[in-house]
Amino acid sequence: MTQSVAIDIAAPPDRVWAVLSDVDHWPEWTPTVTSVTRSDDAPLHVGTHVKVAQPRLADADYAVTELDPGHSFTWVATHPGLATTARHEVDPLPDGGTHVTLSITQGGLLGPLMGRVYRGLTDEYLHHEANGLKARCEAA
């Protein structure tokens with residue numbers, strides 16, 4: 001089960017990428033992330049492990065599995081019977097702005113059930129994250 005949200009941001013893609021890929025500072029601009037603990041201090045890279053704490057959810061340990069610098073990254077958190085995959089994409093718009101797509105896929109044996117149970121919360125969180133990213137990137 002996959003849920004996604006897309007938003008256009010009036011900021012250049014490099015600015016949006018800089019904010020989005022700096023996961024350490026997510027708690028500053030989205031209420032859906034209360035803390036982030038990284039496995040290292042290096043720039044985001046395949047293999048980076050990030051523990052993310054969110055209200056109303058168990059802490060999740062994400063591992064970056066794909067990275068296209070300046071464009072996208074994917075990370076996956078696994079639990080017995082469940083794999084949560086979050087994808088973050090940044091694409092340039094003709095006017096110099098940026099189109100962002102954020103998506104969550106619940107996979108594994110329990111994926112369809114968890115996707116249905118958390119559908120409303122996931123949708124709410126995706127929208128908060130997209131709007132928080134937009135506000136942060138468009139701020140002077």
| Filter result for the condition that a residue is in contact with a Phe, Trp or Tyr (Cβ under 6 Å, 6 or more places away or on another chain), assigned to a strand (DSSP E or B) and either of a type outside the set (Phe, Trp, Tyr) or over 24 Å from Leu109 (Cβ atoms) (or both), over Val90, Val76 | Val90
| field | In region 55-73, residue farthest from Val19 (Cα to Cα) [restricted to those that are open to solvent by less than 50 Å² (accessible area, probe 1.4 Å) and touching a helix residue (DSSP H, G or I) at 6+ places or on another chain (Cβ under 7 Å)] | value | Phe73
| Restricting the first residue to region 113-140 and requiring it to be at negative phi, which pairs with a second residue that is charged (D, E, K, R) and surrounded by 15 or more Cβ atoms within 10 Å (Cβ to Cβ) meet a Cβ separation below 6 Å and a spacing of at least six or different chains? | Cys137/Arg15
| Which ones in region 93-104 are part of a loop (DSSP other than H, G, I, E, B) and touching an Asp or Glu at 6+ places or on another chain (Cβ under 8 Å)? | Leu93, Gly97
| request: Please give the number of the condition Leu126 fails out of (1) closer than 25 Å to His45 by Cα; (2) surrounded by fewer than 18 Cβ atoms within 10 Å (Cβ to Cβ); (3) within 13 Å of the chain's Cα centre (by Cα). | output: (2)
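The values are calculated or read from the model by the stated rules, or taken from the named source; none is laboratory data. Values in this document were obtained by computation on a predicted structure and should not be read as measured data. Cβ sites come from the backbone with ideal geometry, for glycine too, and all protein chains shown count toward neighbours. Just the protein is used for accessible areas: all its heavy atoms, side chains included, with ligands, DNA and RNA removed. Shrake-Rupley method; radii C 1.70, N 1.55, O 1.52, S 1.80 Å.
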